[in-house]
Structure formats: C-alpha cells, structure tokens
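These notes concern the structure reproduced below.
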Amino acid sequence: MEARAARMTDAFLVGLDLREYLRFGNSLSEAFEKLEIRVNTLEDNYLEWHPSSYPFHGMLKLFFYREVTGDSYRELSNHHELASACGLDRIPDKSALSRTWRNRFDDATREFVKRGAHLLVKNIHDFGPSVAEVRPKHEVIDSEERGSEKSGSGEKQEATFNDKQIFRTTRLAREHCFTPFDSGRADNSSYDDSRFFELQTFMGMVGCGTAQGAARFQYRRGKEYGPHGDTHLRSVKQFDPESLLDGFDTATDQLLSVTESKVSFRRPVTVALDITTVPYFGDVEGMSMVSGTKDGDGRAFKFATLSIVGQNVPLVLAVEPVRESSAWDDNPPNRIHSVVRRLVRQAKEHVPIEMVLCDREFDSMRVFQTLSNLGVDYLIPKRITSSEHKAIEQMERDGQEVAVESASVHVEQGSHAMQFLYVPSTKSDGTTVFGTNARVTPDEAEAFCRRYSSRWQIENEYKSIKHDFLAKTSSKDYRVRLFYFVFAVLLYNIWRLTDFLLKAAAEGEMDYAPVITAGECVELVSSALLPPD
C-alpha cells in the first residue's frame, strides 16, 4: 500500500512540475525537455540484455506526452521534434510504441503515466494556462469512469474512510504532535499532561471556554478522568513561552518525519509568512503583549506564522508571538525583520526553503535584506509610492504592460541586488509592483509573479485555526493566550496530517485537496476522545 502511495505521489508531482513549467511560458515540448521523472518507484520489464535501444526514462516521458495530448501511436511517431525533449535518439515507430506499452510497462507504470497525465489535463483546463496540445478534459474523465466500471466490483471506486480508520489515523497524528510537550509537573500529580492535552483538544474543537469545556469533558469521560477548569488553567501556566515554542518545533519535526516516511515530499518548499490577530477586549494596562489593530480602535494579541504553501502538505512550520510598541507600554519599536529572521531560521531546520511569500506589511528594506542574508528568494508586493507612480505613468506612455526595474538594498545588515517587477494586477485594471531578489527577465515577470497566488492558502489556514480549533478564553495571562493559540495550530496540523495520511493510504487518485474537512475532523476527533478501542 505504501509503495503505491509513493508511486501515485510521484505521478502527481510529475503533473505539477509540468504545469509549473507551462505557467512560466514554456511550450509543451520545452516543458518535457525540462522534466525529470522519478523512476525509483517503477520497474523496467525489459532486462539489461533486452535489444531495445530506447531508455526507460525517455519512453516514460514520451508516453506521458501521449496521455496528455491524446495522440495516437501514428501521430506520436510523426512528432520527431520530441526525440530531443524526451532524451531519445529518435522517435520509435508504431509497433515499438505498442510493445512498450503492452510489454515493457507493467500495470503500476501504466497507472503512473495515466494518473499523472490526467491530473495535468484537469488542472490545465481548470486553472490554466491554456495549452493548445492538451486533450479535452472530458476525455480523461470519461476514461477514468470507464476504468472504474471495469473494476471487480463493477462500481466506481472512491477513497472512503470509516470512523475507525480516521480515529486510528488521528490518534497517530496526535501522538506525534503532543509527545514533545512537558509541563514539568511532578510525576505523582493527579493528572498527567496527556489529560490536559485531551481536554484542550476537546475545548478547541467544540469551541467553548475552559470552565464549560472541562465540565462537558468530565461528563464524557467521567469526573475522575478530566481535570477541573481551574486545574487546567494552572497546568497551562506551567508552560513558559520558550519551552512551549520548543515543543512546537519538535512536534513539527516529527510531523515532517511521518510525512516523508509515507510518500515523496516536494523539496525545496515555498512558504508564506504572515501575522494574524486574536481580538482582546479587556483592560490594556500592564498588557505588554496586546497590540493595536489596523483600524486604530481594536486591540488584539498578534502571532506570526510561517507555513508551507503550494502543492506540499500545508503544515505550519513555525510560530512567533509579536510584541509591538503601544501607547500603554514601554515596548521598543516593532522590528518585524527580527520576527522574520526567527521564523525562517526555525523553518530551515526542518526543510530547505526556495521562496518566501509575504504581504505588503513586510515591504521593508530590512526584511528584504534579512531574507537575502538567510539565503532564500522572496516575492513581496510593494507599497505604491510616488516613484512607483512615476514608473507606472511612464509605462502607460510607452504602451508597456510589464517592466522590470533593477534596484539594490543597503542597510546596516548588508546589501544585495534586487528587482521591482511591474505586472498587470489580477484584482483590477491597474499595475502591481513586487520586490524580489530572484533574477527575472521582463518576459518571465508576469508568470513569475503568479507564484504569489499560493499565498491565499495562509488566509484559509488562519480561518481554520481560529474558527475550528481555537478554544475560547478571557484570560489576561499571556501564557494562557499563547498556549491556546499554539495548541490550535497543532490541531490544524493534526487535521492536515490526518487528511494526508488517509490519502496516502487511499486507492483513489492522489490529490492535495482535503478529503476530510476541518468540520469533519472536529467531529471525528472529538468523538475519538472517547476511550480507544
């Protein structure tokens, strides 16, 4: 089962790689020339002494192309220009193509080709870019339905999971999330830490406060099993912020280890960095961790996160509390680049980072230089000032839609060359300006900036964390506030890991859209807090 999951994930990544090359303006044949297919999960049925002169990797590419375009063997044999793109000396004739598909490729390899190619076809038609050679979407859907009808049951097979499977998987995820945390309480305490984690999980998932959550939990598990609300709060305060964040870091490492042990993991990763707020309505005197909000009237606790976005498992890799200067405290001015540095350094302990996406709140020369010093590429929209307005006006006079302007950063932390990319806005008729340290030509700029669209995932992430997993509290103690937020992030990661592990074991097509929603996870995990079978 795990071998098939790894094979299907490799097929999925081939489709994603091809679409990425196409998004950057490459033709289909150019995309195939750049493509590298992972073959460690596939077997070549032709032994080394077999007289075939065509390399296995090249033939895989060629059949991927055929499945994407829907070409017949006759049509494919006439595409002589594909030989170089696929790493072949020449294109095989019809009979060699037929023998390869029937004899050289086993069932697993044929499924690999179809799954990856069909995923690409559906993504191209659903999300673009337009590629003339790609076959109609209905052809691959109809083909899959016919294949399902030929299965042993005669019915379309879907990835379905019973409660027992989900409970077991969820408990596995919880084990990897919660074991790194230690409150330091005495061994002879009435309750071990796991009881408090279970109560906090229940509170977050049913969306209630400490007192009500503890009472409801005791009703489910018995008064002797669950701690009282006051006892729970005293235990939470045992977790000082530093040890809590260290525990989160260890849990993150364990989650990624589980992910990589199950299927392939796409490296390096694209990450999104942002700051979210949790409203606070009490007295602000002596509340140094409470900050003002953008509207000027609100008050909130602020937390910065760094998350994997794009086509990998969407996990939160790092969390940092944000401490800002406010009228009611003596905090120093906000140094957002220091928050960025801590988040990226922590995340790089777990995965290599290719690109960091931030919103305009991070448009700062110090942030640019911090990311450059950390050895990562960045893509950050820039605030439009008078100099950008002048450049846009000049573009309009010259009839240009896209422009690239060279620039440089010089701050006390160092200096580096960068560029400002002027591209058509995706939200209006105007122009958007991005800052990046990647080398981008005017022809590449618009396609390059489309990568920023991956950042929307972090907004959905915050909605799930705060609406599905964050327990309610009116406590003024920051230790409680930080614990509740970090635990909500852990529950979010449990959801994403549970969903991922279920799909890794599924018989259906590997797809990174959730098969289990946050709401379903809430219901099922809450139920899973009953005594295990």
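Just one of (1) in contact (Cβ under 8 Å) with a residue 40 or more places away in the chain; (2) in a helix (DSSP H, G or I); (3) touching a strand residue (DSSP E or B) at 6+ places or on another chain (Cβ under 9 Å) fails for Ile494. It is (3).
So, in region 192-239, of the ones that are in a loop (DSSP other than H, G, I, E, B) and touching a residue at least 60 places away in the same chain (Cβ under 8 Å), which residue ends up surrounded by the most Cβ atoms within 10 Å (Cβ to Cβ)? Even if it seems obvious, please write down each step before you answer.
Going through region 192-239, the residues in a loop (DSSP other than H, G, I, E, B) turn out to be 192, 207-209, 222-228, 237-239.
Now restrict to residues that are touching a residue at least 60 places away in the same chain (Cβ under 8 Å): 207-209, 237, 239.
Numbers: Gly207: 15, Cys208: 17, Gly209: 14, Lys237: 15, Phe239: 23.
Only one residue tops the list, namely Phe239.
Within region 395-425, the residues that satisfy the criterion of being open to solvent by 80 Å² or more (accessible area, probe 1.4 Å) and farther than 19 Å from Asp363 by Cα are Glu396, Arg397, Asp398, Gln400, Glu401. Considering region 472-520, the residues that are open to solvent by less than 10 Å² (accessible area, probe 1.4 Å) and touching a Cys at 6+ places or on another chain (Cβ under 7 Å) include one that is modelled with the lowest pLDDT, namely Thr498. Among the residues of region 365-380, those that are surrounded by fewer than 20 Cβ atoms within 10 Å (Cβ to Cβ) and within 17 Å of Ser406 (Cα to Cα) comprise Met365, Ser372, Asp377.
Residues that are assigned to a loop (DSSP other than H, G, I, E, B), modelled with pLDDT of 85 or more and either open to solvent by 10 Å² or more (accessible area, probe 1.4 Å) or of a type in the set (Val, Ile, Thr) (or both) do not occur anywhere in region 247-258. Exactly one residue out of Lys164, Lys114 is modelled with pLDDT under 85, assigned to a helix (DSSP H, G or I) and not small (Gly, Ala, Ser): that is Lys164.
Listed by first and then second residue, the pairs linking a residue in region 84-103 that is farther than 26 Å from Lys34 by Cβ to a residue that is of a type outside the set (Ser, Thr, Tyr), with Cβ atoms under 8 Å apart and 6 or more places separating them unless they lie on different chains, are Lys94/Arg74; Asn103/Asn45.
With Ser84, Ser95 as the choices, which residue is over 28 Å from Arg450 (Cα atoms), at pLDDT 90 or above and either aliphatic (A, V, I, L, M) or in a helix (DSSP H, G or I) (or both)?
Only one candidate qualifies: Ser84.
Just one of Asp142, Asp230, Asp192, Asp187 is modelled with pLDDT under 70, more than 28 Å from Leu255 (Cβ to Cβ) and of a type outside the set (A, V, I, L, M, F, W, C); which is it? Reasoning before the result, please.
Numbers: Asp230 fails: modelled with pLDDT under 70; Asp192 fails: more than 28 Å from Leu255 (Cβ to Cβ); Asp187 fails: more than 28 Å from Leu255 (Cβ to Cβ).
Only one candidate qualifies: Asp142.
The values are calculated or read from the model by the stated rules, or taken from the named source; none is laboratory data. All figures in this text were calculated on a predicted structure; none of them were measured in a lab. All Cβ positions, glycine included, derive from the backbone under ideal geometry; neighbour counts span all protein chains shown. Surface areas here come from the heavy atoms of the whole protein model, side chains and all, with no ligands, DNA or RNA. Shrake-Rupley method; radii C 1.70, N 1.55, O 1.52, S 1.80 Å.
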